[in-house]
Amino acid sequence: HLLQTASTRFKYGLYKDENLLAVMGISAGRWMTKDDDLRKSFEIIRFASKTHITIVGGFSKMLKYIEEELEVEEWMTYYDLDWVQTNVYARMGFVLKQVMKPQEIENDNSEIKIYNAGNLKFVKRVQ
């Protein structure tokens with residue numbers, strides 16, 4: 001993954017035969033109250049596929065499998081505008097909840113400015 005490693009509670013892989021094609025890292029579940037409604041919420045921390053590989057329907061298949069296995073009632077994730085080039089979250093029923101503006105990143109060389117493009121926060125209620 002371009003953003004290096006991340007701590008996740010649950011790790012899932014999508015295979016064809018014995019070849020690992022994609023992985024998804026999920027947080028531990030957290031109980032969240034929204035609109036007087038208590039829900040078990042999980043964060044999609046990472047989703048990555050092999051370089052130069054696109055798996056049509058892979059993200060949705062993994063998501064549905066995990067929803068059943070972990071009894072997910074709500075998803076939350078961030079969409080990094082520097083790297084993500086798809087609207088898979090909108091297609092899967094996620095709703096945009098927050099826009100985080102681009103930020104300047106400090107570096108050792110003050111002559112070169114580095115910025116990220118910002119990111120979007122998405123939430124999806126499952127049940």
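The values are calculated or read from the model by the stated rules, or taken from the named source; none is laboratory data. Quantities reported herein were computed from a predicted structural model and do not represent experimental measurements. Note: ideal-geometry Cβ built from the backbone for every residue, glycine included; neighbour counts use all protein chains shown. Note: accessible area is taken over every heavy atom of the protein model, side chains too, but ligands, DNA and RNA are not part of it. Shrake-Rupley method; radii C 1.70, N 1.55, O 1.52, S 1.80 Å.
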Considering only residues that are open to solvent by 90 Å² or more (accessible area, probe 1.4 Å) and farther than 20 Å from residue 18 by Cα, look in the stretch 63-77 and name the one that is nearest to the chain's Cα centre (by Cα). 64
Hey, does the stretch 78-96 have a residue that's open to solvent by less than 50 Å² (accessible area, probe 1.4 Å), under 15 Å from residue 125 (Cα atoms), touching a strand residue (DSSP E or B) at 6+ places or on another chain (Cβ under 9 Å) and small (Gly, Ala, Ser)? yes
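For the stretch 44-60, check the following and say yes or no: at least one residue is at positive phi, open to solvent by less than 70 Å² (accessible area, probe 1.4 Å), outside any strand (DSSP E or B) and without any contact (Cβ under 8 Å) to a residue 24 or more places away in the chain. Walk me through it before giving the result.
If we filter the stretch 44-60 for residues that are at positive phi, which is where we start, we get 52, 57.
Then drop every residue that is not open to solvent by less than 70 Å² (accessible area, probe 1.4 Å), which leaves 57.
Remaining after also requiring outside any strand (DSSP E or B): 57.
Subsequent filtering for residues that are without any contact (Cβ under 8 Å) to a residue 24 or more places away in the chain retains 57.
The answer is yes; a qualifying residue exists.
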Exactly one of 7, 60 is polar (S, T, N, Q), closer than 16 Å to residue 126 by Cα and within 16 Å of the chain's Cα centre (by Cα), and that residue is 60
Residue pairs within 9 Å by beta carbon, gap of at least six or interchain, first lying in the stretch 8-19 and in contact (Cβ under 8 Å) with a residue 40 or more places away in the chain, second open to solvent by 90 Å² or more (accessible area, probe 1.4 Å) and not in a loop (DSSP other than H, G, I, E, B), listed first then second, are 10/69; 12/65; 12/69; 14/61
